[in-house]
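Presented below is the structure to which this report refers.
The values are calculated or read from the model by the stated rules, or taken from the named source; none is laboratory data. All figures in this text were calculated on a predicted structure; none of them were measured in a lab. Here the Cβ is made from the backbone with ideal geometry for all residues, glycine too, and neighbour counts use every protein chain on show.
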Amino acid sequence: MDYNPQFLDNMNIWNEKELKILHEMTQDMPLEVFLNSTGDKGLIEAYGFDFVYTSAKIEGNTYDRFETLDLLEMGITAGGKKYTDAIMILNLKEAYKNILTINYPINKNTLKEIHSFIAKDLVQRQNLGSMRNMDVKISGSTYIPLSSGDRLNAELDYLFKIYQSIHDPFNRAIYLHHNLAYLQYFQDCNKRTARTMQFISFKNDKVMPFIITEYDESVYSQYRKALVVYYHTGDYEPYKEFFIQGYEKIHQDLLRWQGKGIEKNKVFKHKSPQEKNQKKFQDHRKEETKSNTGRK
């Protein structure tokens, strides 16, 4: 299945009703709440782990959560695992740190710089941030990306031109994510780079970025399948369903973080063991009385 240039012309991803729901959600989770929550127990730290871990798992990384924590916090690599798995995780950590602290514009130079972080020591140095010089094939798909050359470069330029013409943050970010993955501009690490660019797009538009926070392998499979559907048909619907599920989870997390939807001043009453035993005894007496009343 060959590259279809018409996919890059589809800018209307969400309908008005869907956008209304998404924007109502953003009112409950200001970007500042996330960006200002620093420290070991803050949102930046927690979501940073999710950003790194889930992105690596999508790409088939073999590190589990605890091994990933050991690597990120103490620099301890896991025995019996590929060294490139550790590199992938550390590169994603570096990318996350940079996209939080640097205000990147959405353009080709940023794309190349982000790829250079993510692909460091995973591709040859001359291929960092550079258009691939070879054809690529997508595992599990019949889609054949464009060959390397002027046309691939021109399509990337066109992608950024269309991106700049899109005004809604949710349409912009997902358009960018999908079509960067679709073009496969680099030799490797295209999806990781696309997810990172999607994060930057949301952040630039003052919207809470989308981060996959689930640790269920089926969720990563759902993401991969949604992209393959797009490669084959140009259909955003499977990814939209995936996105809504994940974004609602972030929404609920941030509501709880801000203490919304719960009684903040409620005093919790804890029963002592004696009170619990007394309650059991009283319940037993009630049952015994009911039983005796029913006898003749």
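So that you can scan it fast, the table gives a plain yes or no per residue for (1) over 24 Å from F160 (Cβ atoms); (2) modelled with pLDDT under 95; (3) among the aromatic types (F, W, Y):
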position	(1), (2), (3)
K20	yes, no, no
F51	no, no, yes
F66	yes, no, yes
M74	yes, no, no
L111	no, no, no
Q124	yes, no, no
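Filter the range 97-109 for residues that are in contact (Cβ under 8 Å) with a residue 60 or more places away in the chain and outside any loop (DSSP other than H, G, I, E, B); which is surrounded by the fewest Cβ atoms within 10 Å (Cβ to Cβ)? By that ranking, first place goes to L100.
Of all residues in the range 204-223 being surrounded by fewer than 16 Cβ atoms within 10 Å (Cβ to Cβ) and touching a residue at least 12 places away in the same chain (Cβ under 8 Å), which is nearest to N171 (Cα to Cα)? Going through the qualifying residues, I end up with K206.
When the range 1-46 is examined, which residues are found to be of a type in the set (V, I, T), closer than 19 Å to S201 by Cβ and outside any helix (DSSP H, G or I)? The one that is of a type in the set (V, I, T), closer than 19 Å to S201 by Cβ and outside any helix (DSSP H, G or I): I13. Checked across the range 182-198, the condition of being more than 20 Å from N103 (Cβ to Cβ), in contact (Cβ under 8 Å) with a residue 60 or more places away in the chain, surrounded by fewer than 23 Cβ atoms within 10 Å (Cβ to Cβ) and of a type in the set (S, T, Y) holds for no residue. Considering only residues in the range 114-140 that are in contact (Cβ under 8 Å) with a residue 60 or more places away in the chain and buried (at least 16 other Cβ atoms within 10 Å of the Cβ), the one that is farthest from N98 (Cα to Cα) turns out to be I138. When L159 is tested against the conditions (1) surrounded by 15 or more Cβ atoms within 10 Å (Cβ to Cβ); (2) out of contact with any helix residue (DSSP H, G or I) (no Cβ under 6 Å at 6 or more places or on another chain); (3) hydrophobic (A, V, I, L, M, F, W, C), the lone failure is (2). Taken over the range 224-243, residues that are in contact (Cβ under 8 Å) with a residue 60 or more places away in the chain and either at negative phi or among the charged types (D, E, K, R) (or both) amount to 9.
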